[in-house]
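Remarks on the structure that follows.
The values are calculated or read from the model by the stated rules, or taken from the named source; none is laboratory data. In this text, all values refer to a predicted model and were calculated from it rather than measured experimentally. Because the Cβ atoms are built from the backbone with ideal geometry, glycine has one as well, and the counts that use them run over all protein chains shown.
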Amino acid sequence: MDTSFVPLRCRSNYSFLHGAATLDELLERAARQGMASLGLADLGGLYGAIQFYKKAKDYSIKPIVGVELETEAGRVLFIAKSIVGYGNLCRLSTIVKLYERTPTVEEIAAYGKDVIAIAFDCAAEIPPPINRRDLQSGSGGYKPLAINNDKAVAWVPRAPRKQPRRTQASCATTNANGIGNHSSRCTINALHEIFSNDLYFGLVNFGDIKSKIRIQRDIKKIGDIKTVASNPIAFLNKEDFTTHRVLRAIGDIIPIDQLKDDATEGKLAYFRSKQETLKLFSEFPEAIKNTFEIAEKCNLDLPIGKLNFPIYENSSNKTNSRLLYELTAEGLNRRYPRMIGEAISRMEYELNVIERAGFVDYFLIVRDIIEFCRREHIPCVGRGSAASSIVSYCLEITEVCPIEQDLYFPRFLNEARRDPPDIDLDLCWKRRDDVLEFVYEKYGRERVAMICTTNTFAVRGAIREVAKTFGLSGNEISDFTKRLPYGGNVGNIAGRVATSPECRHLPIDSEPYKSIIEIAGKIEGYPRHLGIHCGGIAIAPGKLLDFVPLQLAAKGIAITQYDMYSIDDLGLVKIDLLGQRGLSTIEEAKDIVGVRTGKRPDVIPENDPETYELLRRGRTVGVFQIESPGLRALLIAMKTATLNDITLALALIRPGASESGMKKVFLERLFGRLPVEYPHPLLEPVLRETLGNIIYQEQVLRAAVAIAGFTPEQGDLLRNAITKDRLHKDFALMQEMFFAQTSRRGIDNAVATNVFDMMAQFASYGFCKAHAATYAALAYRGTYLKAHHPVEYICSMLNNFAGYYIPRVYAEEARRFGAVLKTPTIDRPSDLCFVDGKNLYIGFLYVRNLSCETIERLIGTRKTGAFRSLFDFLARVKPSTDEAESLIRVGALDCLGQSRTQLLWLYKMYGEKCLKTNDDSPMFGGFGEPEIPFTPDLPDFTLDQKLKAEAEIMEMAVSCHPIERISFNNGHIKSYELPKLEGKRVQIAGMVADRKRIKTNNGKSMVFLTMEDEFDMFEVTLFPDVYQHVGERIFRKPLLDIAGTVQTDMGGLTIVADKVTVLG
């Protein structure tokens, strides 16, 4: 490897909306040029630092981790020499990204240990030092910085503020840190006093006259400060400059032709060859040599692959290991009163593995959170592979018995596992913030943060953003992108456009769209910005900033600059606290039943006949995880009779299982159309429950143990290698070991190859059985409640805004299960839906554009007395004009005894003026009625008018199902007749509840429709020829008339359409 030059200023695409090269592209270019080291210097944040560090090791390149920041000393590139320096980089970046301001010279001094600084501004002058009295009192706009270390106090403004460059005349004298005489020293000298021999001045030379003049000027000013070659690398090749400019235009939200030159790097900021760089800096050999000197100084050893868990603090004199043992044993007594031997031995085995692997504290921390939820009556349940653990089950972290469900502990945890295990907790979504607050308070706000997600450019987003920079209008962009099919990538747009009817006539080969698509293809997958993980939190053993930099999220909370994968790499505790609406639906349905019947159904009986009858009929619309069309058809086909059947269905419905044909093979074997075969007799016990197929990830481990004699740990390493990058050396090593051991065990090579190929094919998308089992248990509970308390259950669904379908579908399902739907009423106002006998009242939250403030006033004022008239209502509630009209139209004021047409007439003639009158008018102050000479005798809304108002204002039909109002000629059937008409051509009308478009094997598009009438839901299949004919109309109109043939296949019933007519 060559050591003469090290690029230190690479900006990857983690310099959001700036860098136009990926980490792999930069490292691959460096490796191809024989470079021994490479520096990452993204702007503002360390977002890609962990990935860069790991990938560089794979390329046998020494990673130099830095971050380039705007500071009060000008622009400075900070580089970590060690783990201490890395922590200081985290702190400096946090000041910029969390507190949204530039670091002061004092802060740079406080966080300068083991850091190399490359300055680029020798003209900046030091601002006046912060007044210590202001710091102590909190006045002057400053408050303590939450990231303080033990030796220095840093402060930040209460709100982001611009910090103007200070004039030399305004500078103070020597400060408390002894940085120097501020009145006579510029910042480069101050930085020199901080960093001494670790300060360098960055020379930027593009070979033009401007560069040479700037370098000569700067060298005269910096004195004996060392120089270093520091050309920025913002893109890989010269031709990528256009992509860089587009990214900058996206970032500045302006058309590219309005982008100023200083908003981008120059055209020559590409990754030059070593020879080009040496030639550019031939007059400054020291600057080249110092790149290597800096690289030699850097010996950053990040704790990748090591556990960095906090120590659980318990109040007893017991060790944490002993505490975990006793708590688990107590739970074992509760869960298994008869103390079966298998449970005891499994507990002992798991506790031994947990202790040797170093996860005792992790389990205690998770149990601590669970106990808080129990105390505060917050519904919660553990999910994921943690359900494989009897320790988790005994600690009441999970709710599925791993013995009964035959769950495999090594899938969750084994001594060979290199990353921390995941224990994910589903919580009531309404109380999740309470749990987060508990974690922050318990473990300290300086040790806890929400984990980010890195949002990337997807197909439509990339095209939309690039199109904006080309100056296209919002309407032009929307008209183009909304017709693009979902899925795929930018590179195969042409093929998808050719096979999708709604994409007809898209001008993808005409400018500017051709160029837009080309550039969008380059930035597709690029990081765009950070978001907040739906539930992930990180907990550090000490100060989080020793490991992770933070950033302010759009919602105003602190998040990590690293995503969940980098948090895992650093070995930090990562727990998903996910707000789960399905769980809340179940618990709140129990509450509703308890209020209505006086007995809350806390205990859900196992093997309930009515529950399994509902499952076998596929009547699970509204039930968590098992309401999609495909899942309902699968439940019917499997004749679901056990919890394990639900578990299996949840695994089979995964996209990989369906698309690979494995689901079809399973069903063919289930129905006896294909024989059940096992690749080898040793695998029969492993694959019996799945009829010879590998469906669960756990089966890969068990198959490797059974046929190759692997240990469970080796089996999990094989699963992990197969699931991730198969080009990685780990995959090759595990593959070699597998064949070596099967050969030693006398397994025929052809059989071993078949088994390995089978594992490799299915492990990449096989579902974790423990995860499926947890969801199956929740699905069973939901189905039980729907079977026995359907109206209360669907009311809870609507109140939790849960489910796969739009609310209209659930309202219709409630009607099919006996509910009488009622519009919101001001006489019994409620923001949420509620049940009264068979009546299901829709809550005011479903009235579009009705503000929460108006709803609160309505509920509050109704408590003081009933509304006597329209004008009494207007006076006390004070709705807006649009709100009042909507409430009248939807029937919320029907209780006043006048028709909706009369109320609208009164409102238009008198009420609208009253609303615009001052609140202190006699009418509003004394609830007076205006003098009305007469009220015309107007007919009430027709049923069709009511349906129209309900659709527009509540997006559902309360008065009746819309299909009931459409008259058809003889010959139309209803959904309940379909099972008796297999093979017959039928005509049926319904409303679209769901649409799913897929590609056939020959690349053509087809569509599956889920539809409903007043009696049930039914499925419709549109093959490519029919879909090509009807096109996008089925995506715009909900009422359709379908003609086609009824077909069934292994339990699934569908109408294969040959004609589709749009109604209304």
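Per the listing Y393, Y440, the residue uniquely assigned to a helix (DSSP H, G or I), in contact with a Pro (Cβ under 8 Å, 6 or more places away or on another chain) and aromatic (F, W, Y) is Y393. Would you check which residues across the stretch 224-269 are of a type outside the set (K, R), touching a residue at least 24 places away in the same chain (Cβ under 8 Å) and in a helix (DSSP H, G or I) and list them? Answer for the stretch 224-269, where residues must be of a type outside the set (K, R), touching a residue at least 24 places away in the same chain (Cβ under 8 Å) and in a helix (DSSP H, G or I): D240, F241, T242, T243, H244, V246, L247, A249, I250, G251, I256, D257.
Within the stretch 600-607, does at least one residue satisfy the condition of being out of contact with any Cys (no Cβ under 7 Å at 6 or more places or on another chain) and surrounded by 21 or more Cβ atoms within 10 Å (Cβ to Cβ)? Within the stretch 600-607, not a single residue is out of contact with any Cys (no Cβ under 7 Å at 6 or more places or on another chain) and surrounded by 21 or more Cβ atoms within 10 Å (Cβ to Cβ). Just one residue in the set L247, L191, L236 is touching a helix residue (DSSP H, G or I) at 6+ places or on another chain (Cβ under 6 Å) and aliphatic (A, V, I, L, M); that residue is L236. Take L904 and decide whether it is over 30 Å from W429 (Cβ atoms) and assigned to a helix (DSSP H, G or I). Taking the combined requirement at face value, the residue satisfies it.
Does L332 meet the test of being assigned by TED's automatic domain parsing to the domain that holds K442 and crowded, with 17+ Cβ neighbours inside 10 Å? It is true that L332 is assigned by TED's automatic domain parsing to the domain that holds K442 and crowded, with 17+ Cβ neighbours inside 10 Å. So for the stretch 541-558 (the condition being among the basic types (K, R), more than 20 Å from N799 (Cα to Cα) and buried (at least 17 other Cβ atoms within 10 Å of the Cβ)), does at least one residue qualify? Yes, that holds for at least one residue. Can you confirm whether the stretch 837-849 contains a residue that is out of contact with any Leu (no Cβ under 7 Å at 6 or more places or on another chain), closer than 18 Å to E885 by Cα, modelled with pLDDT of 95 or more and part of a helix (DSSP H, G or I)? For the stretch 837-849, residues out of contact with any Leu (no Cβ under 7 Å at 6 or more places or on another chain), closer than 18 Å to E885 by Cα, modelled with pLDDT of 95 or more and part of a helix (DSSP H, G or I): present. Please specify each residue of the stretch 964-978 satisfying the condition of being outside any strand (DSSP E or B), surrounded by 11 or more Cβ atoms within 10 Å (Cβ to Cβ) and of a type outside the set (K, R). Hits for the stretch 964-978 are E964, I966, F968, I973, S975, Y976, E977, L978. Could you say which residue among K984, K1004, K996 is touching a residue at least 60 places away in the same chain (Cβ under 8 Å) and under 30 Å from the mean Cα position of the chain (by Cα)? Within the list K984, K1004, K996, the selection yields K996. Considering the stretch 927-963, the residues that are polar (S, T, N, Q) and in a loop (DSSP other than H, G, I, E, B) include one that is surrounded by the fewest Cβ atoms within 10 Å (Cβ to Cβ), namely T942. Would you call L26 among the hydrophobic types (A, V, I, L, M, F, W, C), in a strand (DSSP E or B) and crowded, with 23+ Cβ neighbours inside 10 Å? So L26 does not fit the description; no.
Evaluation of A41 against the conditions (1) under 19 Å from E265 (Cβ atoms); (2) modelled with pLDDT under 95; (3) touching a Gly at 6+ places or on another chain (Cβ under 8 Å); (4) not hydroxyl-bearing (S, T, Y) shows that the sole unmet condition is (2). G382 falls short on exactly one of the conditions (1) crowded, with 22+ Cβ neighbours inside 10 Å; (2) in a helix (DSSP H, G or I), and that condition is (2). Scoring G471 on the criteria (1) small (G, A, S); (2) on the phi > 0 side of the Ramachandran plot; (3) in a helix (DSSP H, G or I) leaves a single failure, condition (3). Scanning the stretch 850-875 for residues that are within 33 Å of the chain's Cα centre (by Cα), in a loop (DSSP other than H, G, I, E, B) and of a type in the set (D, E, K, R) returns no hits. The single condition from (1) crowded, with 16+ Cβ neighbours inside 10 Å; (2) in a loop (DSSP other than H, G, I, E, B); (3) among the charged types (D, E, K, R) that R889 fails is (2). For V820, the stated conditions hold: it is under 30 Å from F873 (Cβ atoms), in contact with a strand residue (DSSP E or B) (Cβ under 6 Å, 6 or more places away or on another chain) and surrounded by fewer than 22 Cβ atoms within 10 Å (Cβ to Cβ). Among the numbered conditions (1) in a helix (DSSP H, G or I); (2) of a type outside the set (S, T, Y); (3) closer than 30 Å to G48 by Cβ, the only one that R356 does not meet is (3). The condition (being within 30 Å of L643 (Cα to Cα) and either crowded, with 17+ Cβ neighbours inside 10 Å or among the aromatic types (F, W, Y) (or both)) is satisfied by just one residue among R375, R367: R367. Within the stretch 755-770, if we keep just the residues that are modelled with pLDDT of 85 or more and in contact with an Asp or Glu (Cβ under 9 Å, 6 or more places away or on another chain), the residue that is farthest from A732 (Cα to Cα) turns out to be A770.
Applying the set (1) in contact with a Phe, Trp or Tyr (Cβ under 9 Å, 6 or more places away or on another chain); (2) at pLDDT 90 or above; (3) loosely packed, with under 12 Cβ neighbours inside 10 Å to T1000 leaves exactly one unmet item: (2). Note on the stretch 107-138: residues that are assigned to a helix (DSSP H, G or I), more than 23 Å from G223 (Cβ to Cβ) and modelled with pLDDT of 95 or more amount to 2. Is it true that Y793 is buried (at least 24 other Cβ atoms within 10 Å of the Cβ) and touching a residue at least 24 places away in the same chain (Cβ under 8 Å)? So Y793 passes the test.
Scan the stretch 296-312 and tell me whether some residue there is in a helix (DSSP H, G or I) and within 30 Å of V228 (Cβ to Cβ). Yes. Helices (runs of 4 or more DSSP H) fully within the stretch 662-745 that include at least 1 residues being farther than 23 Å from M638 by Cβ, charged (D, E, K, R) and under 38 Å from the mean Cα position of the chain (by Cα): 712-723, 729-744.
For K729, the conditions (1) surrounded by fewer than 19 Cβ atoms within 10 Å (Cβ to Cβ); (2) closer than 30 Å to F817 by Cβ all hold with the exception of (2).
This table checks each residue for (1) farther than 27 Å from Y565 by Cβ; (2) β-branched (V, I, T); (3) touching a residue at least 40 places away in the same chain (Cβ under 8 Å); (4) in contact with a Gly (Cβ under 9 Å, 6 or more places away or on another chain).
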site	(1), (2), (3), (4)
K306	no, no, yes, yes
Y312	no, no, yes, no
L327	yes, no, yes, no
G331	yes, no, yes, no
G341	yes, no, no, no
Y349	yes, no, yes, no
E376	yes, no, yes, no
S388	no, no, yes, no
